[in-house]
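Some notes on the structure that comes next.
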Amino acid sequence: MNGFYSRYLQVALRFLPFAIAFLRDRRRFLFVGPPRQVTEDAHRRRAERMTETMLELGPAFVKVGQVLSTRPDVVPPTYTDVFATLQDEVPEDSGGDPRTVLEEVLSDELDLSTLEPIAGGSLAFVYTVEHGNERIALKVRRPNIVREIKRDLRVIRALVPILVVFADERQRYSLENVADDFEEIILDELDFEREAQMMLEIRENFDDDDRIVVPAVHEDLTSERVLAMEYVTGAKVTDEDALEARGVDQSNIARLIARTYLKMGLVDGVFHADPHPGNLAVTADGRLVIYDFGMSERLDPNEQADIVSLYRSLVHRDVDSLLNTLIALDVLEPSVDRVAVRQVLELVIENLEGRSVITWRLIITELLSMLHDFPFRIPPDVMLLVRVGTVGEGVCRTLDPEFDFIAVTREFLVDYGFIEGELETLFEELRDDLRASAPVVARMPARFDHVFGQLERGELVVRTRPVESTKTSDGATGYAVLAGSLFVAASILAFHERPYEIAGLALAIVFLVAYVWRRRAG
């Protein structure tokens, strides 16, 4: 079993102290006693110790921690914040020497004596090398990483049933699917041919935008284990001094980042899902460079439409649409109590409207914290989009502390025709109301003719229960009611192509005159 049992025991023992601590949070004496009061600082220190444990357990658990940082349906917000600090800086020889892979697959095509290391990630290491008259970049998968990842995924899968037993009922729905989600995301990231295809598609989607740089792929040198690409240099996007030296406006770069990622997700359907500062740079001429497309995803047309609907619902604060979208995205089960969820979503909107600053992270945190009483999960595609929003917004707010995610998103949706401007929205709603009422209006002339016929024949009788004695009631009131009703009917019939409103208006005047005459006679 490739050391499965020894690894299982090692992982279980390393996380056992944390499991005991979480159990004591619920029952002070593990299985009996009241819950413990644990401060947020204590939870943060515990999360930091868990982060250190993941780093010590190796590249697979570094990636697991990064994935968990985007799973607020599995771990509390304090832990997601700390796990998000896990970086891919791993020594070159961790998981085997990547140079052996290059010697095996590219020794005939490249002069490996010109190889220079640049950076190391949990799954791969990056070099530059001479190729013709230029230097290119090589992303090389660590030799033993696939075997280690698959072994650790089996360990996680074996531990999940134990976690489910001790987890809150509201977390079980997510935990039962978490191992599958890890496997899908991490194994995709290990396939460099898939990453190359994503780069090619995204690069093509930005061909007409010279502000965005996606390194070109050398397909002849690329394989499942090696990704060869154009070597593009730039200053780290959060390096204030470098951006100032280049004359780059940080607010403009923040807006460019936000609109770039919105376009990838909502317009193109193929998106880079790891926009942390190490993967974003600015060239000497002020263009935005995007690196490392291992964590990327493609949306099918239905998913893309659902994501657009999600953004529209949030911008318009449309609770019904938001509920339908969450069900369509498989975040909520179709059998969920819609009335209860709708009340929760209304409360979320009210809470957000009371905030002076609304961020994407705040929206997601508020939404998911309120949904914890319902069985929900975050599917991998949605999880990656959540990651794009939270990580990307963090970069944007580092560049511009006044960055307004909602305003930029609204502007983007209007520019690309996903939502209309405020005046156009008003007319759109009015048009929808008229379309909905058109069948009723079209049938009204026939109904009025039928009612008037009954009136003429004396067949229509209106019975009311008097509030006071009939001796003191006002007999003219009926004429006033009919006159008012006919005035309303006439105004509605004004939309009909035939002049039925004239008859309604004439009758309204007749009943109004009758009302005035009866009042004077009384």
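See the values below:
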{"read-out": "Inter-centroid distance (Cα atoms) of region 246-264 relative to region 97-118, Å", "value": "36"}
{"read-out": "Karplus-derived 3J(HN,Hα), 6.51/-1.76/1.60, for each residue of region 303-309, Hz, glycine and proline x", "value": "4, 4, 5, 5, 5, 4, 4"}
{"read-out": "Distance (nanometres) between label positions extended 7 Å along Cα→Cβ at ASP300 and ALA216", "value": "3.5"}
{"read-out": "Convex hull of region 179-326 built on C-alpha atoms - directionally averaged projected area, nm²", "value": "10.6"}
{"read-out": "Percentage, to the nearest whole number, of Cα pairs in region 341-403 over 18 Å apart", "value": "44"}
{"read-out": "Ratio of Rg to Rh over region 32-78 (Cα coordinates, Kirkwood Rh, two decimals)", "value": "1.06"}
{"read-out": "Separation of the ARG135 and ASP188 label points, Cα + 7 Å toward Cβ, nm", "value": "3.3"}
{"read-out": "In nm, spacing of pseudo-spin labels at LEU16 and SER485 (7 Å Cα→C-beta vector)", "value": "8.1"}
{"read-out": "Nearest-10 value in Å² for the accessible area of ASP41, using the 1.4 Å probe", "value": "100"}
{"read-out": "Cα radius of gyration and Dmax for region 285-416 (Å)", "value": "15.5, 54"}
{"read-out": "In order through region 149-156: 3J(HN,Hα) via Karplus (6.51 cos²θ - 1.76 cosθ + 1.60), integer Hz, x for Gly, Pro", "value": "4, 5, 5, 5, 5, 5, 4, 4"}
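The values are calculated or read from the model by the stated rules, or taken from the named source; none is laboratory data. Just so you know, these numbers come straight off a predicted model, no measurement behind them. Neighbour counts run over all protein chains shown; Cβ positions are idealised from the backbone, glycine included. Remember, those area values only see protein heavy atoms, side chains included, never the ligands or the DNA or RNA. Shrake-Rupley method; radii C 1.70, N 1.55, O 1.52, S 1.80 Å.
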